[in-house]
Every structure is written in C-alpha cells, then in structure tokens.
Amino acid sequence: MLECVERFAAPGAHVLDVGAGSAILMVAALKLGADRAVGLDIDPVAVRTARANLRANGVAARAAVLNGSLPHPRVAPGVFDLALANIAGAALVTLAPHLRAALRGGGRLAVSGILTDHALDLERAFAANGLRVTERLTDGDWVTLACEAV
C-alpha cells in the first residue's frame, strides 16, 4: 500500500484515508507533498491515535481525522485526488459507491487488506461503481488494487 501512496500522492493532492488506523498512510502522503488529508475511522481509539501520530510527525495542520465512515457529513463528494482504504474486502464492496463519489474524475483509489480469493468480487463491485482497476499487486494471499475513477 505504501508503494501506491508513493506513486499517487502527488504534490498538492487531497487524500482520503478510510480506516485510517494509526494514520501512517496519511503521514506518508502528506510528507510526500499532498496538500491535505482526511482520515476516517469507526474506532474512537484509532481516531485519537491517528491525531497523535499526525501531531508527532508535524503534519497535523494539514490533516483531519473524523470518527465514522463513508458517507460522512464532513466529507464532500468529488474533492479527493486519492482515496486509500486498508480494510476488509467485504466492507470495501459496500463502500465502493461512496469511495467513487469522494473522488474527482480521474482520481485514484488504492485498497489493500484483500484476500486473493475475494479480489475478483471486489473488482466487479468497483467496475459497477465507476472504478477501473489499473493494477493488481499480489503478496502471498493478499492483494492491493489500484483503481482510477472514470
């Protein structure tokens, strides 16, 4: 997943991290030049941890971490250049239309935490929601998908 962040977090980008956890992906994107990052997590402990990690890495002024998931009232549609999600494949199927809605046309999505056996179902869900899979990176039983919003 960090490989995708390195490739897609262009200077000036607006980044969304769904399932932000410790905010490591947000920190990486901001350190690589992204202008702004918004993280979402359903776990209040993760939200606090993410905020602390953003402060510790000197990037908190350009980031916000919110409790919840998509859709979220404080996450405007169509404004993100890059969306990231390192969460279970079944949740990603449900989130597919919301992830696409968050992205600008041509925006990129990178998702990981997908078992190889479930990747095809997820690819179909993404295609049905305007997300074209451009890369499939496999590491043992795990898959990372890179997509483009069409």
When every residue in the range 7-35 that is surrounded by fewer than 19 Cβ atoms within 10 Å (Cβ to Cβ) and under 20 Å from Ala76 (Cβ atoms) is compared, the one modelled with the lowest pLDDT is Ala10
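Look at Asp117 and say whether it is surrounded by fewer than 24 Cβ atoms within 10 Å (Cβ to Cβ), acidic (Asp, Glu) and out of contact with any His (no Cβ under 8 Å at 6 or more places or on another chain). Can you show your working first?
Working: surrounded by fewer than 24 Cβ atoms within 10 Å (Cβ to Cβ): yes; acidic (Asp, Glu): yes; out of contact with any His (no Cβ under 8 Å at 6 or more places or on another chain): yes.
Taking the combined requirement at face value, the residue satisfies it.
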In the range 70-82, is there at least one residue being surrounded by 22 or more Cβ atoms within 10 Å (Cβ to Cβ), closer than 28 Å to Gly140 by Cα and either small (Gly, Ala, Ser) or without any contact (Cβ under 8 Å) to a residue 24 or more places away in the chain (or both)?
no
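Could you say which residue among Leu2, Leu92 is under 20 Å from Ala146 (Cα atoms), in contact (Cβ under 8 Å) with a residue 24 or more places away in the chain and surrounded by fewer than 21 Cβ atoms within 10 Å (Cβ to Cβ)?
Details: Leu92 fails: surrounded by fewer than 21 Cβ atoms within 10 Å (Cβ to Cβ).
The match here is Leu2.
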Assuming Thr138 fulfils every condition listed in (1) within 20 Å of Ala20 (Cβ to Cβ); (2) of a type outside the set (Gly, Ala, Ser); (3) modelled with pLDDT under 95; (4) touching a strand residue (DSSP E or B) at 6+ places or on another chain (Cβ under 9 Å) apart from one, which condition is it?
(1)
Taking the range 61-104 and keeping residues at pLDDT 95 or above, small (Gly, Ala, Ser) and within 21 Å of Thr134 (Cα to Cα) leaves Gly78, Ala83, Ala85, Ala96, Ala101, Ala102
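Within the range 130-149, is there a residue that is acidic (Asp, Glu) and under 23 Å from His72 (Cα atoms)? Give the derivation first.
First pass over the range 130-149, keeping only residues acidic (Asp, Glu): 135, 139, 141, 148.
Keeping just the survivors that are under 23 Å from His72 (Cα atoms) gives 148.
Scanning the range 130-149 turns up at least one residue that is acidic (Asp, Glu) and under 23 Å from His72 (Cα atoms).
The values are calculated or read from the model by the stated rules, or taken from the named source; none is laboratory data. Quick caveat, the model's predicted, so the values are computed rather than measured. Note that we place each Cβ from the backbone using ideal geometry, even for glycine, and neighbour counts take in every protein chain shown.
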